[in-house]
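The values are calculated or read from the model by the stated rules, or taken from the named source; none is laboratory data. Predicted model only: the values in this text are computed from it and were never measured. Note: ideal-geometry Cβ built from the backbone for every residue, glycine included; neighbour counts use all protein chains shown. Ligands, DNA and RNA are excluded from the accessible area calculation, which covers all protein heavy atoms including side chains. Shrake-Rupley method; radii C 1.70, N 1.55, O 1.52, S 1.80 Å.
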Amino acid sequence: MASLIGLTGGIGAGKTTVAQVFNTLGIPVFNADDVAKELMQTSPVIKDQLIKTFGYKVYASNGILDKTYLAGIVFKDKYQLELLNAIVHPITIQAAMDWAATQTAPYVIKEAALIFESAAAEGLDAVIGVSAPLDLRIQRVMQRDACTKQEVEQRMQYQISDAIKLKLCDWVIENNDRDLVIPQVIKVNEAILAKMVASNG
Ligand code: ATP
(Lines give C-alpha, C1' and ligand atoms only; values in the text may rest on other atoms or scores of the structure.)
Protein backbone atom coordinates (compact mmCIF):
# COMPACT_ATOMS: atom_id res chain seq x y z
CA MET A 1 0.00 0.00 0.00
CA ALA A 2 1.24 3.52 -0.84
CA SER A 3 2.27 5.70 2.11
CA LEU A 4 -0.49 8.16 2.99
CA ILE A 5 0.75 11.72 3.57
CA GLY A 6 -1.62 14.38 4.94
CA LEU A 7 -1.74 17.91 3.53
CA THR A 8 -3.43 20.43 5.76
CA GLY A 9 -3.67 24.12 6.58
CA GLY A 10 -6.26 26.72 7.48
CA ILE A 11 -9.02 27.90 5.14
CA GLY A 12 -7.49 29.69 2.15
CA ALA A 13 -3.90 28.73 3.04
CA GLY A 14 -3.59 27.11 -0.39
CA LYS A 15 -3.97 23.36 0.21
CA THR A 16 -5.64 22.69 -3.14
CA THR A 17 -3.10 24.88 -4.96
CA VAL A 18 -0.16 23.02 -3.33
CA ALA A 19 -1.86 19.63 -3.91
CA GLN A 20 -2.06 20.44 -7.63
CA VAL A 21 1.72 20.92 -7.72
CA PHE A 22 2.27 17.50 -6.07
CA ASN A 23 -0.15 16.07 -8.62
CA THR A 24 1.95 17.40 -11.51
CA LEU A 25 4.87 15.41 -9.99
CA GLY A 26 2.74 12.27 -10.44
CA ILE A 27 1.46 12.06 -6.86
CA PRO A 28 -2.23 11.08 -6.62
CA VAL A 29 -4.33 13.37 -4.40
CA PHE A 30 -7.43 12.54 -2.35
CA ASN A 31 -9.39 15.68 -1.52
CA ALA A 32 -11.09 14.71 1.76
CA ASP A 33 -13.27 17.82 1.89
CA ASP A 34 -14.64 17.15 -1.62
CA VAL A 35 -15.15 13.44 -0.90
CA ALA A 36 -16.93 14.28 2.38
CA LYS A 37 -19.34 16.54 0.47
CA GLU A 38 -19.90 13.79 -2.11
CA LEU A 39 -20.52 11.18 0.60
CA MET A 40 -23.13 13.43 2.22
CA GLN A 41 -25.00 13.06 -1.05
CA THR A 42 -24.33 9.38 -1.76
CA SER A 43 -23.77 7.43 1.48
CA PRO A 44 -27.05 5.97 2.84
CA VAL A 45 -25.49 5.73 6.34
CA ILE A 46 -24.50 9.42 6.39
CA LYS A 47 -27.84 10.53 4.90
CA ASP A 48 -29.79 8.58 7.50
CA GLN A 49 -27.71 9.98 10.38
CA LEU A 50 -27.89 13.56 9.08
CA ILE A 51 -31.68 13.39 8.86
CA LYS A 52 -31.93 11.85 12.36
CA THR A 53 -29.62 14.54 13.78
CA PHE A 54 -30.60 17.73 11.92
CA GLY A 55 -34.09 16.93 10.61
CA TYR A 56 -35.55 16.04 7.20
CA LYS A 57 -34.97 19.58 5.88
CA VAL A 58 -31.25 18.76 5.46
CA TYR A 59 -32.24 17.29 2.08
CA ALA A 60 -34.49 19.18 -0.33
CA SER A 61 -37.54 17.39 -1.82
CA ASN A 62 -35.41 16.38 -4.85
CA GLY A 63 -32.97 14.60 -2.50
CA ILE A 64 -30.16 17.16 -2.89
CA LEU A 65 -28.33 18.21 0.28
CA ASP A 66 -29.40 21.70 1.36
CA LYS A 67 -25.94 23.11 2.13
CA THR A 68 -27.26 26.53 3.10
CA TYR A 69 -29.67 25.03 5.63
CA LEU A 70 -26.96 22.81 7.12
CA ALA A 71 -24.38 25.62 7.21
CA GLY A 72 -26.98 27.78 9.01
CA ILE A 73 -27.08 25.17 11.79
CA VAL A 74 -23.45 24.08 12.12
CA PHE A 75 -21.58 27.36 11.67
CA LYS A 76 -23.53 28.98 14.49
CA ASP A 77 -23.03 26.26 17.06
CA LYS A 78 -19.80 24.40 17.75
CA TYR A 79 -21.67 21.42 19.22
CA GLN A 80 -23.72 20.97 16.04
CA LEU A 81 -20.52 21.17 13.94
CA GLU A 82 -18.96 18.48 16.10
CA LEU A 83 -22.02 16.30 15.53
CA LEU A 84 -21.73 16.79 11.77
CA ASN A 85 -18.02 15.92 11.84
CA ALA A 86 -18.69 12.87 14.00
CA ILE A 87 -21.09 11.60 11.32
CA VAL A 88 -19.02 12.43 8.24
CA HIS A 89 -15.37 12.02 9.32
CA PRO A 90 -15.15 8.29 10.13
CA ILE A 91 -16.62 7.29 6.74
CA THR A 92 -14.39 9.79 4.89
CA ILE A 93 -11.28 8.56 6.76
CA GLN A 94 -12.14 4.97 5.75
CA ALA A 95 -12.71 6.09 2.13
CA ALA A 96 -9.21 7.64 2.06
CA MET A 97 -7.63 4.43 3.41
CA ASP A 98 -9.53 2.29 0.87
CA TRP A 99 -8.46 4.63 -1.93
CA ALA A 100 -4.79 4.64 -0.80
CA ALA A 101 -4.80 0.83 -0.77
CA THR A 102 -5.57 0.80 -4.50
CA GLN A 103 -2.76 3.23 -5.49
CA THR A 104 0.61 2.19 -6.90
CA ALA A 105 2.49 5.52 -6.61
CA PRO A 106 5.28 5.55 -3.96
CA TYR A 107 3.12 7.78 -1.80
CA VAL A 108 -0.23 9.55 -2.03
CA ILE A 109 -1.59 12.74 -0.55
CA LYS A 110 -4.72 13.23 1.49
CA GLU A 111 -5.72 16.90 1.46
CA ALA A 112 -7.97 17.91 4.37
CA ALA A 113 -8.70 21.13 6.25
CA LEU A 114 -9.15 19.17 9.46
CA ILE A 115 -6.54 16.55 10.26
CA PHE A 116 -5.40 17.17 13.81
CA GLU A 117 -8.93 18.20 14.84
CA SER A 118 -10.28 14.72 14.09
CA ALA A 119 -9.03 11.13 14.17
CA ALA A 120 -7.76 11.62 10.59
CA ALA A 121 -4.11 11.96 11.66
CA GLU A 122 -4.06 8.38 12.92
CA GLY A 123 -3.83 6.66 9.55
CA LEU A 124 -1.20 9.05 8.14
CA ASP A 125 2.53 8.39 7.75
CA ALA A 126 3.43 12.12 7.86
CA VAL A 127 1.74 15.51 7.45
CA ILE A 128 2.61 18.54 5.30
CA GLY A 129 1.31 21.92 6.42
CA VAL A 130 0.51 24.90 4.19
CA SER A 131 1.00 28.27 5.82
CA ALA A 132 -0.09 31.76 4.78
CA PRO A 133 -0.68 35.00 6.69
CA LEU A 134 -4.20 35.34 8.10
CA ASP A 135 -5.12 38.52 6.21
CA LEU A 136 -3.99 36.99 2.91
CA ARG A 137 -6.05 33.83 3.60
CA ILE A 138 -9.13 35.95 4.30
CA GLN A 139 -8.63 37.98 1.11
CA ARG A 140 -8.15 34.83 -1.00
CA VAL A 141 -11.31 33.15 0.28
CA MET A 142 -13.41 36.34 -0.04
CA GLN A 143 -12.30 36.55 -3.66
CA ARG A 144 -12.67 32.83 -4.44
CA ASP A 145 -16.08 32.32 -2.79
CA ALA A 146 -17.48 35.87 -3.22
CA CYS A 147 -18.26 36.08 0.50
CA THR A 148 -17.77 38.57 3.31
CA LYS A 149 -14.90 38.86 5.77
CA GLN A 150 -17.30 37.96 8.59
CA GLU A 151 -18.35 34.74 6.84
CA VAL A 152 -14.71 33.67 6.39
CA GLU A 153 -13.88 34.51 10.01
CA GLN A 154 -16.91 32.57 11.23
CA ARG A 155 -15.60 29.40 9.53
CA MET A 156 -12.07 30.00 10.73
CA GLN A 157 -13.02 30.12 14.39
CA TYR A 158 -13.70 26.37 14.47
CA GLN A 159 -10.24 25.38 13.24
CA ILE A 160 -7.30 25.15 15.63
CA SER A 161 -4.83 27.97 15.11
CA ASP A 162 -2.07 27.69 12.51
CA ALA A 163 0.52 28.19 15.24
CA ILE A 164 -0.50 24.88 16.83
CA LYS A 165 -1.39 23.02 13.64
CA LEU A 166 1.87 23.78 11.83
CA LYS A 167 3.98 22.69 14.81
CA LEU A 168 2.47 19.22 14.44
CA CYS A 169 3.42 18.99 10.74
CA ASP A 170 6.55 17.23 9.46
CA TRP A 171 7.09 19.86 6.73
CA VAL A 172 5.62 23.33 6.17
CA ILE A 173 5.18 25.01 2.79
CA GLU A 174 5.01 28.82 2.93
CA ASN A 175 2.36 30.04 0.50
CA ASN A 176 2.60 33.80 1.00
CA ASP A 177 3.14 36.45 -1.64
CA ARG A 178 6.97 36.24 -1.43
CA ASP A 179 8.15 32.58 -1.42
CA LEU A 180 7.89 30.42 -4.54
CA VAL A 181 5.75 27.32 -4.01
CA ILE A 182 7.08 24.95 -6.70
CA PRO A 183 10.69 24.69 -5.39
CA GLN A 184 9.32 24.04 -1.87
CA VAL A 185 7.07 21.23 -3.16
CA ILE A 186 10.00 19.66 -5.04
CA LYS A 187 12.07 19.74 -1.85
CA VAL A 188 9.33 18.15 0.27
CA ASN A 189 8.72 15.49 -2.41
CA GLU A 190 12.43 14.60 -2.28
CA ALA A 191 12.38 14.51 1.52
CA ILE A 192 9.36 12.17 1.54
CA LEU A 193 10.98 9.81 -0.99
CA ALA A 194 14.25 9.86 1.02
CA LYS A 195 12.36 9.12 4.23
CA MET A 196 10.67 6.17 2.54
CA VAL A 197 13.98 4.77 1.30
CA ALA A 198 15.44 5.15 4.82
CA SER A 199 12.49 3.40 6.49
CA ASN A 200 12.53 0.55 3.94
CA GLY A 201 15.98 -0.36 4.98
P1 ATP B 1 -10.04 25.83 1.57
O2 ATP B 1 -9.62 25.33 2.89
O3 ATP B 1 -11.04 26.93 1.70
O4 ATP B 1 -10.48 24.75 0.62
P5 ATP B 1 -7.38 25.95 0.41
O6 ATP B 1 -6.43 25.91 1.54
O7 ATP B 1 -7.54 24.68 -0.38
O8 ATP B 1 -8.76 26.54 0.86
P9 ATP B 1 -6.89 27.19 -2.14
O10 ATP B 1 -8.27 26.94 -2.65
O11 ATP B 1 -5.76 26.41 -2.71
O12 ATP B 1 -6.86 27.09 -0.54
O13 ATP B 1 -6.51 28.74 -2.28
C14 ATP B 1 -7.46 29.75 -1.94
C15 ATP B 1 -7.55 30.76 -3.08
O16 ATP B 1 -6.29 31.47 -3.13
C17 ATP B 1 -7.74 30.13 -4.45
O18 ATP B 1 -8.58 30.94 -5.22
C19 ATP B 1 -6.31 30.08 -5.03
O20 ATP B 1 -6.33 30.16 -6.42
C21 ATP B 1 -5.68 31.32 -4.40
N22 ATP B 1 -4.23 31.11 -4.15
C23 ATP B 1 -3.67 30.13 -3.40
N24 ATP B 1 -2.33 30.24 -3.38
C25 ATP B 1 -2.03 31.30 -4.14
C26 ATP B 1 -0.80 31.94 -4.51
N27 ATP B 1 0.38 31.51 -4.09
N28 ATP B 1 -0.88 33.03 -5.31
C29 ATP B 1 -2.07 33.48 -5.73
N30 ATP B 1 -3.26 32.95 -5.42
C31 ATP B 1 -3.25 31.87 -4.64
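Tabulated data
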read-out	value
Residue pairs meeting the criteria (Cβ under 6 Å; at least 6 apart or on separate chains; first assigned to a strand (DSSP E or B), in the stretch 170-181; second polar (S, T, N, Q))	V172/S131; I173/Q184; E174/S131
Any hit, the stretch 155-168, residues being among the hydrophobic types (A, V, I, L, M, F, W, C), surrounded by 15 or more Cβ atoms within 10 Å (Cβ to Cβ) and more than 20 Å from N23 (Cα to Cα)	yes
Filtered residue count, the stretch 102-125, keeping only those that are over 14 Å from G9 (Cα atoms), open to solvent by less than 60 Å² (accessible area, probe 1.4 Å) and at pLDDT 90 or above	5
Subset of the stretch 182-196 (residues that are open to solvent by less than 30 Å² (accessible area, probe 1.4 Å) and either closer than 13 Å to G14 by Cβ or more than 16 Å from the ligand (Cβ to nearest atom) (or both))	V185, N189, I192
Any hit, the stretch 5-28, residues being in contact with a helix residue (DSSP H, G or I) (Cβ under 8 Å, 6 or more places away or on another chain), closer than 16 Å to I87 by Cβ and assigned to a helix (DSSP H, G or I)	no
Tally of residues being touching a helix residue (DSSP H, G or I) at 6+ places or on another chain (Cβ under 9 Å) and in a helix (DSSP H, G or I) across the stretch 115-138	7
Flag if T17 is closer than 23 Å to D125 by Cβ, out of contact with any Lys or Arg (no Cβ under 6 Å at 6 or more places or on another chain) and open to solvent by 70 Å² or more (accessible area, probe 1.4 Å)	yes
Total residues in the stretch 142-169, condition more than 10 Å from the ligand (Cβ to nearest atom) and not in a helix (DSSP H, G or I)	9
Pick from the stretch 126-141, criterion of a type outside the set (A, V, I, L, M) and open to solvent by 50 Å² or more (accessible area, probe 1.4 Å), ranking: nearest to the ligand (Cβ to nearest atom)	R140
Qualifying residue in the stretch 73-89 (condition: surrounded by 13 or more Cβ atoms within 10 Å (Cβ to Cβ), farther than 22 Å from I115 by Cβ, away from the ligand (no atom under 16 Å from the Cβ) and modelled with pLDDT under 95)	yes
